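The values are calculated or read from the model by the stated rules, or taken from the named source; none is laboratory data. Everything numeric in this text was worked out from a predicted model, so none of it was measured. Positions of Cβ are generated from backbone atoms using ideal geometry, with glycine treated the same way; all protein chains shown enter the neighbour counts. Accessible surface areas use protein heavy atoms only, side chains included; no ligands, DNA or RNA. Shrake-Rupley method; radii C 1.70, N 1.55, O 1.52, S 1.80 Å.
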Amino acid sequence: MAKRISRRDFLRGSAAGAALVAMTGLTGAVASAESEGTKDLVVSLSAFPSKLDPIHYTGTYEGQIIGEVCDRLIEYNDTLDEYVPSLAASWEVSEDGITYVFQIREGVYFHAGSYQDGRQMTVDDVVYSLNRSAEYSDNNRLSMLDYAEATGDWEVTCHLTAANSAFMTALTDAGNSVVPEEEVEGWGDDFGFHLIGTGPFYMTEFSLDEYAALTANKEYWLKEPNLDTLTFRFITDSSQAANAVLTGEVDIATDLSGEAANTVTSSGTEDISLMQVEQLKINYIRLNTTTGPTADINVRKALIMAVDWDAVVTALWPYGDAVRAYEPVPRGSWGYDEELESLVLPYDPEGAKELMTEAGYDNNCSITFYISNTTTGQTLGTILQAYWGEIGVDCEVNLSEWGTFSDYAASGTADAYGMSWTWYPDPYFFLNNLFASYNIGSNGNGVNYSDPEVDDLLDKAAAATDQSERAEYYKEAMKIAMEAYSGSYYATTILTYGVNNRVSDFAQRADGTLRFVTEAHNVSVD
C-alpha cells in the first residue's frame, strides 16, 4: 500500500517533494469504506487539479477543493438565482453601482497552519484577499475591482473601476476566497499545496494526480459538517469512475459520460442513483487570431466549416449526454439568443478547401491542436485531426494534463485548443472571459481576440442594471465576436453524477459546483 503523508509531515516538507505520494491503482491509500465510527465521503473528479492557490486556479476541478477549504464573502444558492451571506453577513450598494459596503461576520477562524495557529479572520484578511485577486488572478476573476479597504472594525468597502452588475457573482467564485496573508507569504509559490482557509473542511493531504484528503472543521462557523472526512479522487476515465461508484470505492462519481452512466443503470444495482441536469457549460475549440495560419480569418472559417459538428457531438457523447450548442453562452444563460444561431457556419468541406486555397494554403498547412488528456479530449483530437486532414491541414495533437494544458492555452501561441467553460447564468462570465481584450493571456482568451467595439459593448453591458438592456448589449457583442470565427461552440453537456444511496442531503447544481455544507443542506452518509 502506498505511503500516506500526515498533516505534520506534509507541512514540514517542500510542496514539490512532500506533496507527492505514489499510489498504485484505484484501491491504494484512500478507501471509501467508512472507518469505524467515522463518516467518510469519497468523490471522484474527472481531471487532475494542480493549482490550489485561489488566484492561480484555472479549472473547475481545482475550484471544487478550494471551495470546501475556503469561504467567500457571499455564495449562490443551489438554484443559482439568489445570493446568500457567507463571510459577509450583509451588504449595501451605492446608487451609482460603484461602491459596495460589506459587514463582515465575526467569530470566524482560519484553520491552523504553519504560519498562524488558527486565529480569527479579520477585515484585513478580506481586504488582502480581494486586492490580491484583483491584481494577480490568472483568470482576472475580480477585474472589476479597483481596491478594497477596511472602513470599520468589521466593515469592508469595495470600490469598482466602473459600475459592474457582475461583481456580486464574481465574489462567489472560488478564486475570490479569503485566505490568511501570513500563510500566503510564508509559503510563497507553494501556498496552493498548503491551502488554508475558513471553510467546512481543511486539507490534510494532497497527492498530485491522485487525491486530495480533507478533514471536517468541527468548529465551522456555519454549522458542524455531518461528515468527518471528504476525499476527492482524481479519476480521468469515466468508465473507471462508474466502476468505482459501483464497487463502493467512491460515493459520488462526477462527470459520468453516457457510456459510464449506462454502465451504472445496466448494472441492476439499487444502491446507486443517477442525478442529471443540463449544465451551464459550453464545449468549444478556439483558434488563434494573431499568430500562425489561423491568424487568417479564412483559415479559421475553413477549419470550422471542415467539421461536421453535429457528428462530433454524437461521436463524443453517443449516449445522448450532450446537446448541440451554437453560441458562446449556454442555453441556460439569460443572455442566450436563438437569432444568433444563424451565424454558425455550415458543414461544407469543399467550401473549406476553397478558403484554404484563397489563404495561400494548398495542402501545405500545419497546426497544433492542444487538449487536456481526458478520454473526451483524446477522442476530440483524433476526430479533428481526421476532418482537418481532409482539407489538407496537417494537425498535430498535443495531449497533456490540465495544468500544463491550461498554460499552453493561456500562452497566446497555440494555433488551436479545445476546452469547456462552466460558470454562472450571467453572460459576463462567459463573454468577458472569452472575448474581452483585457483577458488576453488567460486560457479564456488565449487566442488573442481583441475588438474595441466588443470591449465597449461588454463594458456597457456590465454597467447597466436592467437585465433586458444588458442582454441587448451582449447580443451585439456576440454577433461581432461570432463573425470573427475565433472558435466553434459546439456542445453543452448533461451533467451526470452517480450517487450512492447512502449519501443524503446532496444537491446537484447546474454550474457543476459541489457544496457539502451550506445553509440549505449538510451532506451526510449512512
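Looking only at residues of the stretch 440-454 that are at pLDDT 95 or above and not in a loop (DSSP other than H, G, I, E, B), we find that the one that is surrounded by the fewest Cβ atoms within 10 Å (Cβ to Cβ) is P452.
What are the residues in the stretch 162-183 that are closer than 17 Å to V127 by Cβ and either open to solvent by 10 Å² or more (accessible area, probe 1.4 Å) or in a loop (DSSP other than H, G, I, E, B) (or both), if any? Answer for the stretch 162-183, where residues must be closer than 17 Å to V127 by Cβ and either open to solvent by 10 Å² or more (accessible area, probe 1.4 Å) or in a loop (DSSP other than H, G, I, E, B) (or both): S177, V178, V179, P180, E181, E182.
Among the residues of the stretch 322-378, which ones are farther than 26 Å from G392 by Cα, of a type outside the set (S, T, N, Q) and in a loop (DSSP other than H, G, I, E, B)? Once the filter is applied, which keeps residues that are farther than 26 Å from G392 by Cα, of a type outside the set (S, T, N, Q) and in a loop (DSSP other than H, G, I, E, B), the stretch 322-378 yields A325, E327, P328, V329, P330, R331, G332, W334, G335, Y336, D337.
Condition first: farther than 21 Å from S411 by Cα and of a type outside the set (V, I, T). Now tell me which residues in the stretch 353-377 satisfy that. Let's see the steps before the verdict.
Step one: of the stretch 353-377, the residues farther than 21 Å from S411 by Cα are 353-365, 375-376.
If the condition is that a residue be farther than 21 Å from S411 by Cα and of a type outside the set (V, I, T), then K353, E354, L355, M356, E358, A359, G360, Y361, D362, N363, N364, C365 are the ones that fit.
What residue, of E224, E205, is assigned to a loop (DSSP other than H, G, I, E, B), in contact with a Lys or Arg (Cβ under 7 Å, 6 or more places away or on another chain) and either acidic (D, E) or farther than 17 Å from L514 by Cβ (or both)?
Numbers: E205 fails: assigned to a loop (DSSP other than H, G, I, E, B).
After ruling out the rest, the residue left standing is E224.
Here A471 passes the criteria (1) open to solvent by less than 30 Å² (accessible area, probe 1.4 Å); (2) in contact with a Leu (Cβ under 8 Å, 6 or more places away or on another chain) except the one numbered (2). Within 25 Å of the chain's Cα centre (by Cα) and in contact (Cβ under 8 Å) with a residue 40 or more places away in the chain: is that true of G258 in this structure? In short, yes. Among the residues of the stretch 416-433, is any more than 23 Å from T492 (Cα to Cα) and surrounded by fewer than 24 Cβ atoms within 10 Å (Cβ to Cβ)? Within the stretch 416-433, not a single residue is more than 23 Å from T492 (Cα to Cα) and surrounded by fewer than 24 Cβ atoms within 10 Å (Cβ to Cβ).
From the set of residues in the stretch 399-441 that are small (G, A, S) and over 26 Å from W388 (Cα atoms), which is nearest to the chain's Cα centre (by Cα)?
Going through the stretch 399-441, the residues small (G, A, S) turn out to be 400, 403, 406, 409-412, 414, 416, 418, 420, 436-437, 441.
Filter again for over 26 Å from W388 (Cα atoms), leaving 403, 436-437, 441.
Details: G403: 12, A436: 18, S437: 20, G441: 17 Å.
Across the stretch 399-441, the extreme among qualifying residues is G403.
Of all residue pairs spaced 6 or more apart or on separate chains, those with beta-carbon atoms under 7 Å, a first member in the stretch 481-498 that is in contact (Cβ under 8 Å) with a residue 24 or more places away in the chain and a second member that is aromatic (F, W, Y) and surrounded by 24 or more Cβ atoms within 10 Å (Cβ to Cβ) are A481/F435.
Here T291 meets each of (1) more than 15 Å from E483 (Cβ to Cβ); (2) touching a helix residue (DSSP H, G or I) at 6+ places or on another chain (Cβ under 8 Å) with one exception, condition (2).
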